[in-house]
Amino acid sequence: MSKHGTTGKAGARETITLGLGQNLAQFMLLVAVNALVGGTLGQERTVLPLLAGQVFHLDLYTSALTYILAFGLAKAATNYFAGTLSDRYGRKPVLITGWLIALPVPVLLIFGPSWGWIVAANVILGISQGLTWSTTIIMKMDLVGPSKRGLAMGLNEAAGYLGVAATALATGYIAASYGLQPGPFLLGAAYIALGLGLSVFAVKETRSHARMEAANHVSAHSDAHRQLSNRQIFTLTSFRDKSLSSVSQAGMVNNLNDGLAWGLFPVLFAAAGLTIEKIGILAAVYPAVWGAGQLATGALSDKYGRKWLIVGGMLVQAAALAMIAVGHDFGTWLTAAVFLGLGTAMVYPTLLAAIGDVAHPQWRARSIGIYRLWRDGGFAVGALLSGIIADTYGIPAAVAVVAALTAASGMLVAIRMRSTDHNPPAS
C-alpha cells in the first residue's frame, strides 16, 4: 500500500510517496548506514570488558561497568533530544551531526592512558548513537508509512545488531591475534568514516514524508491526536497511555539485561577459562541471532499483532538468562545465547512498531525519542544493578535477578498493554 502527496517551497513541488517498494533505494541505504552504526558499537562488545581487567586492572565489577553506565545515560538523554531536533531541523542534519560527534571515539579508545578516558569515549559514543540510530529509525518510519512498519523496524534493527555481532566477532579475532589495542578500534574508525560519507552525500531528507502521512492519519484514541505539547507527549508515552508506557518499561528492562550481557558475560566466560576466540563467539552469537531474527519478527508483528510477540520475547529472554546463571560450559552458554537473541528479536522491532502505531506522525519522532530515553536508560540501570549484585553475591546471582525482572516485565505487558496494530481499537 502506498500514499501520494506533494510538498515543496517557493513554488517548487515534490511528489511524496509512502511505501517500502516506492522508497526502496533510500530505505536500503539507511539499512546500510544503520549497520555501520551498529558496528561502531560492536567494536566494544568483546574487548572493553577484558580491557577493564587486563589493562586497567579494575577489580570491582561496579567500577568496570562505569563505561556502560556512562554510555547508557548519554544515549538515553540524546535519544530524547534526537526526536525533537529531527522534527525541528530535519532528519539528515541530525544524522550527520551524530557521525561527526563519533569521530574522536576510536582515538580515545586506542590512546586513552586511564579508565577515565574510556568512560569519556563512551559518553561521546552514547551521544553519537542516540543521534544516528534514532534518526535512522525515524527516517525509515517516514518512508514506509503505516502498513509495513513492523517489517521496516525489523530490517532496521536487524542491520544494526548484525553490525554489532559481526564486529564483536571480528574484534575478538583481531584482539586474539594483535592484542586488545589498537587493532579492534581501527575497524570502528573505518565504520565512522564510511557512515559519515554516506550520510553527507547519499542520504536524503524524509521529514516531508511524515508530514504527508500526518494529513491522512487516524489517531489510535482521543489522547493521541495531533496537537500535543512536549510535556504531554512525555507523560503519554511514559505513563498515561497503557500501550506506550508498557512498551517503554519493556524496552528499559530489555536493555537492562543487554547491559548485563555486554558488561559481565565476557568476564563470566573468561573466569570459566574460555579463550578470547570463544568469548568473541558468545559475544557475537547473541546479537547475531537477535539481528537476523528481526528480519522475520518485525513482519510477523505486522501480520499477527505486537502484544504477544513482546510478552513471549520477554519470557524467552528470562529463561535464557536463567540458563546462563546456572551454566558452566561453552555449550550451555552458546545455547542460552541463541535463545537470548531469539527472545530479543521478538521484542525489539515490535516495541518500536507499537510506538509508531499509537503516536501521531506529527509527534511520532518525539515519542520514539522518549521511548528510547527509557529503553537506553536500561543500560545505566543494568550497569548499576548488576555491578552491585555481582560485587556482593557474584555474577550468576546478578544474572538470576535480571532474569526475574525480565519475566516480570513480560507479565506486565500481558496485563496492561492493549492491541496496537496500525488500525487499533479505541481505548
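Computed from Cα atoms, the angle from the helix 307-326 axis to the main principal axis of the chain rounds to 0 degrees. Among the listed options (i) 0.96; (ii) 1.33; (iii) 1.12, the one matching Rg/Rh (Cα atoms, Kirkwood Rh) as calculated from these coordinates is (i). Based on DSSP loop calls and a cut-off of at most 15 other Cβ atoms within 10 Å, the longest stretch of the chain free of exposed trypsin sites (Lys or Arg not before Pro) is what? Within the chain, the longest run free of exposed trypsin sites (Lys or Arg not before Pro) spans 227-427. Largest accessible area first, the residues Leu51, Leu228 order themselves as Leu228, Leu51 under a 1.4 Å probe with ligands, DNA and RNA left out. Once both labels are positioned 7 Å from their Cα atoms along Cα-to-Cβ, the gap between Ala193 and Met411 label points is 5.3 nm. Would you mind checking the pairs Lys140/Lys307; Lys242/Lys303; Lys204/Lys242; Lys140/Lys303; Lys140/Lys278; Lys75/Lys148 and listing those with alpha carbons more than 30 angstrom apart? Among Lys140/Lys307; Lys242/Lys303; Lys204/Lys242; Lys140/Lys303; Lys140/Lys278; Lys75/Lys148, the Cα-Cα distance tops 30 Å for Lys204/Lys242; Lys140/Lys278.
The angle between the Cα long axis of helix 242-271 and the main principal axis of the chain comes to about 20°, on a 0 to 90 degree scale. How would the range 69-205 be classified by its alpha-carbon gyration tensor: rounded, prolate or oblate, with rounded meaning a/c under 1.5 and the a/b versus b/c comparison settling the rest? Judged from the Cα gyration tensor, the range 69-205 comes out prolate (a/c at least 1.5, a/b above b/c).
Would you list Ile370, Ile415 from the most to the least accessible area, probe 1.4 Å?
The residues order as Ile415, Ile370, largest area first.
Over the range 142-190, the hull volume per residue, using the convex hull of the C-alpha atoms, is 66 Å³. Charge dipole of the chain (Cα centre as origin; +1 on each Lys and Arg Cβ, -1 on each Asp and Glu Cβ, all else neutral): 1400 debye, rounded to the nearest 20. The angle separating the long axis of helix 24-42 from the principal Cα axis of greatest extent in the chain is about 30 degrees. Residues Tyr161, Tyr80, ordered by accessible area of protein heavy atoms at a 1.4 angstrom probe radius and largest first, appear as Tyr80, Tyr161. A straight chain from Leu186 to Asp329 at 0.36 nm per residue would run longer than the Cα-Cα distance by 48.3 nm. Among rounded, prolate and oblate, which fits the range 231-377 when a ≥ b ≥ c are the square roots of the eigenvalues of its C-alpha gyration tensor, a/c under 1.5 means rounded, and a/b larger than b/c means prolate? Cα axes put the range 231-377 in the prolate bin.
The values are calculated or read from the model by the stated rules, or taken from the named source; none is laboratory data. All values derive from a computational prediction rather than experimental measurement. Reconstructed Cβ throughout: ideal geometry from the backbone, glycine too, with neighbour counts over all protein chains shown. Please note that ligands, DNA and RNA were not included when accessible areas were found on the heavy atoms of the full protein model with its side chains. Shrake-Rupley method; radii C 1.70, N 1.55, O 1.52, S 1.80 Å.
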